[in-house]
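Worksheet: one structure, shown below.
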Amino acid sequence: MQARSFSHVGITVSDFNTAVKFYSEIFGCPLVGVADTPPDRVRTFFGVAGEMPRCKIGWVRVPGGGILEIFAFEPKQPHVPVPWNQIGLTHFSFNVRGTERWYEYLKGKGVECLSKPEKSPRGHSFFFVKDFDGNLIEMIDLGFMHYVLQWGGPLGGFLFRRGRYAQYYK
């Protein structure tokens, strides 16, 4: 048994319409679906108290196939900062070309950039930004590795699992 592909990542946002506009206008990710969750399910499944709690869920399609699932609750839930050094999801990443151009573009749009683009020892370049709610987004240009991973990913995974990275599968 194995997973077929990466499907989506979900984030909770403070304002549904602002999230849709931000991800659409800044990153070119259109809203492709919306659902309103019944109050009983919001109360029992999501643990949101209140007489008539609500949750609007939206699916924002990222070019290339992934989905960013956005949740907006009423009453609004408290903001919890995402720490790097604790167990749990820390960020999600957009694969782009030209991190320097993206950096200038995002600065021009008023997006908070946490670092300037830098090159890793493995050859890719990246930097981090925050969305309007403080969710961390990594902007990464994999360079030629984009093609290696796209075409050779399954074979590489098979070989590395039995060779170089076998120790991690014990």
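The values are calculated or read from the model by the stated rules, or taken from the named source; none is laboratory data. Quick caveat, the model's predicted, so the values are computed rather than measured. All Cβ positions, even for glycine, are placed from backbone atoms using ideal geometry, and neighbour counts span all protein chains on display. For the accessible areas, the whole protein counts, side chains as well, though only heavy atoms, and no ligand, DNA or RNA atoms are used. Shrake-Rupley method; radii C 1.70, N 1.55, O 1.52, S 1.80 Å.
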Does VAL20 qualify as being aliphatic (A, V, I, L, M), outside any helix (DSSP H, G or I) and in contact (Cβ under 8 Å) with a residue 12 or more places away in the chain?
no
When restricted to PHE132, PHE126, the only residue open to solvent by 30 Å² or more (accessible area, probe 1.4 Å), of a type in the set (Phe, Trp, Tyr) and more than 24 Å from SER14 (Cα to Cα) is PHE126
Return the residues of segment 106-123 that are open to solvent by 50 Å² or more (accessible area, probe 1.4 Å) and over 13 Å from ASP141 (Cβ atoms); say none if nothing qualifies.
LYS107, GLY108, LYS109, GLY110, GLU112, LEU114, LYS116, PRO121
Pull out all pairs, ordered by first then second residue, where Cβ-Cβ is under 7 Å, the residues are six or more apart or on different chains, the first lies in segment 55-81 and is more than 18 Å from GLY134 (Cα to Cα) and among the acidic types (Asp, Glu), and the second is open to solvent by less than 40 Å² (accessible area, probe 1.4 Å) and part of a loop (DSSP other than H, G, I, E, B).
GLU74/PRO53
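Here is a yes/no grid of residues against (1) basic (Lys, Arg); (2) open to solvent by less than 50 Å² (accessible area, probe 1.4 Å); (3) closer than 28 Å to SER125 by Cα:
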position: ASN17; (1), (2), (3): no, no, no
position: LYS21; (1), (2), (3): yes, no, yes
position: ALA35; (1), (2), (3): no, yes, no
position: ARG41; (1), (2), (3): yes, no, no
position: GLY64; (1), (2), (3): no, no, yes
position: ARG97; (1), (2), (3): yes, no, yes
position: TRP102; (1), (2), (3): no, no, yes
